Amino acid sequence: MNAKNLAIGLVMVLILALAIIMIWGNSVGNPAYSYCVAQGNEYQDSTVYGDTVTKAKCIFPDGQSCDAIDFYTGVCKHNPSTLCSVEVPCDS
């Protein structure tokens, strides 16, 4: 096998590994993600825009959402008519 074929093979392996990480990356080691998706909801990852950081959210089919960790720990519960807990207000 010459060096060119070896380099092409290594690049293909790297691309495959990155694709696998992108597809399954959130579910590995993130119980809030796994719980949110297992309940039939959409998970929105946290984002950083300059100095602004948004927390990860669990978005319900009706469009309401909770902080992903709060939903996982039970602090925020999804109720289609109201989406709040006494302790912590949830996003809507």
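So the check is Cβ under 6 Å with 6+ separation or different chains; which pairs have a first residue in segment 32-50 that's of a type in the set (A, V, I, L, M) and a second one that's surrounded by 13 or more Cβ atoms within 10 Å (Cβ to Cβ)?
ALA32/ALA68; ALA32/ILE69; ALA32/TYR72; VAL37/TYR43
Just to be sure I understand, how many residues within segment 27-80 are at positive phi and surrounded by 13 or more Cβ atoms within 10 Å (Cβ to Cβ)? If you could, list the steps in order and put the result at the bottom.
Here is the first cut: in segment 27-80, the ones at positive phi are 29, 40, 50, 63, 74.
From what is left, the residues that are surrounded by 13 or more Cβ atoms within 10 Å (Cβ to Cβ) are none.
Looking only at that region, the number is 0.
Could you tell me how many of the residues in segment 46-81 are hydroxyl-bearing (Ser, Thr, Tyr) and out of contact with any Ser or Thr (no Cβ under 9 Å at 6 or more places or on another chain)? Walk me through how you get there before you give the answer.
Initial filter on segment 46-81 (hydroxyl-bearing (Ser, Thr, Tyr)): 46-47, 49, 52, 54, 65, 72-73, 81.
Now restrict to residues that are out of contact with any Ser or Thr (no Cβ under 9 Å at 6 or more places or on another chain): 49, 52, 73, 81.
Of the residues in segment 46-81, 4 are hydroxyl-bearing (Ser, Thr, Tyr) and out of contact with any Ser or Thr (no Cβ under 9 Å at 6 or more places or on another chain).
Can CYS76 be described as more than 10 Å from the chain's Cα centre (by Cα) and at pLDDT 90 or above? Walk me through how you get there before you give the answer.
Working: more than 10 Å from the chain's Cα centre (by Cα): yes; at pLDDT 90 or above: yes.
Considered against the rule, which asks whether it is more than 10 Å from the chain's Cα centre (by Cα) and at pLDDT 90 or above, CYS76 comes out as yes.
The values are calculated or read from the model by the stated rules, or taken from the named source; none is laboratory data. On a predicted model such as this, the values are computed, not experimentally measured, just so you know. Heads up, the Cβs are rebuilt from the backbone with ideal geometry, glycines too, and the neighbour counts pull from every protein chain shown.
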